[in-house]
Amino acid sequence: MVKKCASYNIGLQKIATDKGSFLIQVLFTLAVVIAGILLELNVIQWGIVALSSFIFLSTGFYRSAAHILTRFDLTMSISQAVRLKAMSNFMLTITAGVSFFTCLIVFMPKINQLL
């Protein structure tokens, strides 16, 4: 997929700014980092949050690249484009769910201490 994106001159900036979907994920990740700073996470918790956030952002970046590629690649059939979009959406949904529950597990004990 990287070679195809490069052949259509689809760069990192175009992927990151496409329709704002990746930027929304960056804002969610920024909110998680701010919450981690406010709740004073320890090193292990930061590692878990960082890994979870990295995987979440990586799949979001892949999803944006896949959606852009389906618009530019005219050799791709309609069914291939639909499968690629569905696969990237499914992958992002699963990753977002796992990331959400991971952050919930990390943050809930800290939030309970505050209450």
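Filtering segment 59-85 to residues that are in contact (Cβ under 8 Å) with a residue 24 or more places away in the chain and either in a helix (DSSP H, G or I) or open to solvent by 40 Å² or more (accessible area, probe 1.4 Å) (or both) leaves T59, G60, F61, Y62, R63, S64, A65, A66, H67, I68, L69, F72.
All conditions in (1) in contact with a Ser or Thr (Cβ under 9 Å, 6 or more places away or on another chain); (2) surrounded by 12 or more Cβ atoms within 10 Å (Cβ to Cβ) hold for L39, with the sole exception of (1). Of all the criteria given as (1) among the small types (G, A, S); (2) closer than 30 Å to I111 by Cβ; (3) at pLDDT below 90; (4) in contact with a Cys (Cβ under 7 Å, 6 or more places away or on another chain), the one not satisfied by S52 is (3). Before we move on, is T102 among the hydroxyl-bearing types (S, T, Y), more than 18 Å from the chain's Cα centre (by Cα) and assigned to a helix (DSSP H, G or I)? When the stated conditions are applied, T102 does not pass them.
The values are calculated or read from the model by the stated rules, or taken from the named source; none is laboratory data. Note that the coordinates shown come from a computational prediction; the quantities given were computed from them, not determined experimentally. We place every Cβ from the backbone using ideal geometry, glycine too, and count neighbours over all the protein chains shown. The protein model used for the area step is the full one, side chains on, heavy atoms only, and it has no ligands, DNA or RNA in it. Shrake-Rupley method; radii C 1.70, N 1.55, O 1.52, S 1.80 Å.
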